[in-house]
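These notes concern the structure reproduced below.
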């Protein structure tokens, strides 16, 4: 057998030096905003060489840090007059890349804090030659509140958010009245809010909270869950859950246009 090829030891990173000098920053908003309970938990996991290369090479082109300091011009960001949908939480990005590929006339602004997923999505976008996808790093609440202007989004997607199943953690769940009020202010009238979850108790809460919110109306005549629309791909993770008997529920609600008499 031929001898194993010698491996080059990885050089230790000097203290204080960023992990990816040209890539996403660890905490882009820093301490500029109030401390609050967050709906996400940053995960530490290994970044492959391919993901690291994509972060270094493609982040300056397609990535942005959510620092909360400057409003985003979505037309300038996408260099085209595309309708833009915000996706909060994309995992490893396979479904996001597929949706961007199948609908090149819609811009997708995809937000996550998972570094390996950011690198993987950038890799997928590069291989597919996508021009309608941007990757944002940081807190989606700060993005919505500080960096997006009113009525700027044509849609919002929240697929499989952390269900925070323990009762003491329910306050961390993303889909709550305060979040919906903020989201509604950034969605154009008639824009679609699409949620999906495989955690049935969370689906029930989502349906209850969305139904009660004055800025949204259910697209389903019976007021219940929606069939999975064709534009949301069936992910590998979701398929594994279905094989185990998990029930996936989609919720499709529309932003209600305000009338002249609304306050």
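The values are calculated or read from the model by the stated rules, or taken from the named source; none is laboratory data. Just so it is clear, the model here is predicted, and its values are computed rather than measured. Virtual Cβ from ideal backbone geometry, glycine too; neighbours counted across all protein chains shown.
Computed quantities for the displayed model
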| read-out | value |
| --- | --- |
| Residue within region 107-115 that is in a helix (DSSP H, G or I) and closer than 16 Å to residue 78 by Cα present | no |
| Test: residue in region 96-110 that is modelled with pLDDT of 95 or more, over 22 Å from residue 188 (Cα atoms), buried (at least 21 other Cβ atoms within 10 Å of the Cβ) and within 16 Å of the chain's Cα centre (by Cα) | yes |
| Flag for residue 127 being free of Cβ contacts under 8 Å to residues at least 40 places away in the same chain, closer than 29 Å to residue 52 by Cβ and surrounded by fewer than 16 Cβ atoms within 10 Å (Cβ to Cβ) | yes |
| Region 61-75 - residue that is assigned to a helix (DSSP H, G or I) and modelled with pLDDT of 95 or more and, of those, farthest from residue 193 (Cα to Cα) | 62 |
| Qualifying residue in region 219-233 (condition: part of a strand (DSSP E or B), surrounded by fewer than 19 Cβ atoms within 10 Å (Cβ to Cβ), in contact with a strand residue (DSSP E or B) (Cβ under 7 Å, 6 or more places away or on another chain) and at pLDDT 95 or above) | yes |
| Single unsatisfied condition, residue 141 versus (1) within 15 Å of the chain's Cα centre (by Cα); (2) more than 27 Å from residue 258 (Cα to Cα) | (2) |
| Residue among 145, 157 that alone is under 22 Å from residue 63 (Cβ atoms) and either assigned to a loop (DSSP other than H, G, I, E, B) or in contact with a helix residue (DSSP H, G or I) (Cβ under 8 Å, 6 or more places away or on another chain) (or both) | 145 |
